[in-house]
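Visitor: Handing you a structure now.
Rule-based calculations on the coordinates, nothing more; no lab input. Since this is a predicted model, take the numbers as computed values, not measurements. Here the Cβ positions follow ideal geometry from the backbone for every residue, glycine too, while neighbour counts run over all protein chains shown.
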Amino acid sequence: MKYFKYWLSLCLFNFFLVALLGTMMRYNIAFSLPGFNHKFMQESHSHFAFYGWASACIYLFVTNYLVRKSPQINIRKYQWMMIFNQAGSYGMLFSFLYGGYYWLSIAFSSVALFSGFFYFIFLLLDTQKNKDSGIVWLKAGAFFATLSSLGIFGLAYLSATKTVMDEIHRASIYLYLHFQYNGFFFFSCIGLLLLYLEKHGIKEYEKVLKRSFYLLFYGTFFGYGLSLLWMSMPGWLYGFFILVAVVQLTGACKLWLVLKKYWTALTQKEGTIRNILLSIAIFALLSKFLFQFLSVIPQVGIYAFHTLNIVIAYLHWVLLVGISMFLIWMIFRARIFRITNALKLFLSLMLAGILLNELILGISGLFSVYMIPFRASSSLLLGASFLIMLSVLGILFSLRPEENSLK
């Protein structure tokens, strides 16, 4: 794909901007950052992380695969889609930072949102005859991305009409997050992983993969209810969501059994640092189903939904440890950039900062449950964020082109 190296570099730069915004937020909590509204920074950070970083990477890797698989595909429509997504992402980055939700930020959000709609349409049209194992996962991911827009429309309506309905507002946020995290991001990453395994005879386990897919697809569709367990609901409905959690966990276990069969194929000749990235990412992506299953236990759910640091730790576990590390693995698996000693160092420091961030958030959440003060948490989280930001910056400066890219 033309300009593939450029797009990869841009995605990494966007990841740096996500880390920079995260550090600014942590600094504002620990000390103070005059001239910045914390809520606006939070909205800018999350929207840019979703569209400027994660979505942009997924669009890029899927487009690159489609062009290699079917050279007759009109690549220009995908390039324009990715350009519009970047325009919307950078527009949201600055407009949300300036004023939160208002007409300009909503306009840029719409640009990024409609880019996702076109991605779904293009993917459906260009893969009608494609029977590769990962395609159905990519289509499901694009479907969930489209479905997640209902949450955005709900938030936009509440904001535009200045309607104060706390439960509806919170439910809309969780609808968007659920179908982005557990739908679009998860299914797209698994789809890309399975496409990589096609050359290793993954079709041998096609029946198991189909069962896993259907369990996870329907589990994710109805699993939105697992994000609403904080609401009052009849016992039969609560019981249904327990069943959904079991279905999801079963699907994840089946998927892991297939990946386990091909783990050697995934990791051989990849190098230590790439294997560590993939191992951590897969562990985070599959373990989230265990966390969702545990959340149906009332005593656990109370703390899971009402302790801010636990909520933040879970969101970071999925997006930062799972999705982001998988995408970083994809970037360096492409052999566009050489794995130099400097790059290994900065990737290791980035991983250390990310895992430290999760550890501190986890301890903070646990201490909150037992009403134990943890006054150093703000400073420690700032330190972890600063380490992540500097290491990603170091990665950018350590990029060196590889002579032969992976075909």
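Visitor: Grab the Cα-Cα distance for Val369 and Lys210, subtract it from 0.36 nm times how many residues apart they are, and report the gain in nm with one decimal.
Guide: 53.2 nm
Visitor: Sticking with this one: Report, in deg cm²/dmol and to the nearest 500, the calculated mean residue ellipticity at 222 nm for the chain, where each DSSP H run with n ≥ 4 adds -39500 (n - 2.57) and the sum is divided by the residue count.
Guide: Roughly -25000 deg cm²/dmol at 222 nm, from the helical runs in the chain.
Visitor: Write down the Kirkwood hydrodynamic radius of region 179-319, to one decimal in angstroms, obtained as one divided by the mean of 1/r over all alpha carbon pairs.
Guide: Averaging 1/r across every pair of different Cα atoms and inverting gives 16.2 Å.
Visitor: Using a Gaussian network model of the chain with C-alpha springs under 10 Å, which one of Ser295, Ser188, Ser368 is most mobile by mean-square fluctuation?
Guide: Among Ser295, Ser188, Ser368, the largest mean-square fluctuation in the Gaussian network model of the chain belongs to Ser368.
Visitor: Once you list every other residue whose beta carbon is under 15 Å from the beta carbon of Ser377, what net charge do they have if Lys and Arg are +1 and Asp and Glu are -1? Intermediate results must be reported in sequence, preceding the final value.
Guide: On the way: positive: Arg26, Arg375; negative: Glu358.
Net charge in that neighbourhood comes out at +1.
Visitor: Net charge near Arg76, counting Lys/Arg +1 and Asp/Glu -1 over other residues with Cβ under 15 Å of its Cβ?
Guide: For residues surrounding Arg76, the net value is +1.
Visitor: I would also like to ask the following. Extension gain Phe240-Ile312, at 0.36 nm per residue separation less the Cα-Cα distance, in nm? Could the numbers behind the result be given before it?
Guide: On the way: separation 72, 0.36 × 72 = 25.92 nm, distance 2.62 nm.
Length gained, Phe240 through Ile312: 23.3 nm.
Visitor: Still on this structure, please answer the following. Please compute, over every Cα-Cα pair in the chain, the percentage with a separation greater than 41 angstrom.
Guide: Details: 7981 of 82621 pairs.
So the pairs more than 41 Å apart make up 10 percent of the total in the chain.
Visitor: Using Cα-Cα distances under 8 Å and only pairs 6 or more residues apart, what relative contact order does region 59-209 have, in percent?
Guide: Rounded, it is 23 percent for region 59-209.
Visitor: If you don't mind, another one. Springs between alpha-carbon pairs under 10 angstrom, Gaussian network model over the chain: which of Tyr65, Tyr98, Tyr157 fluctuates most?
Guide: Largest GNM mean-square fluctuation: Tyr157.
Visitor: Can you tell me the length gained on complete extension of the stretch Phe36 to Lys199, counting 0.36 nm per residue apart and subtracting the Cα distance?
Guide: Contour length minus Cα-Cα distance gives 53.7 nm.
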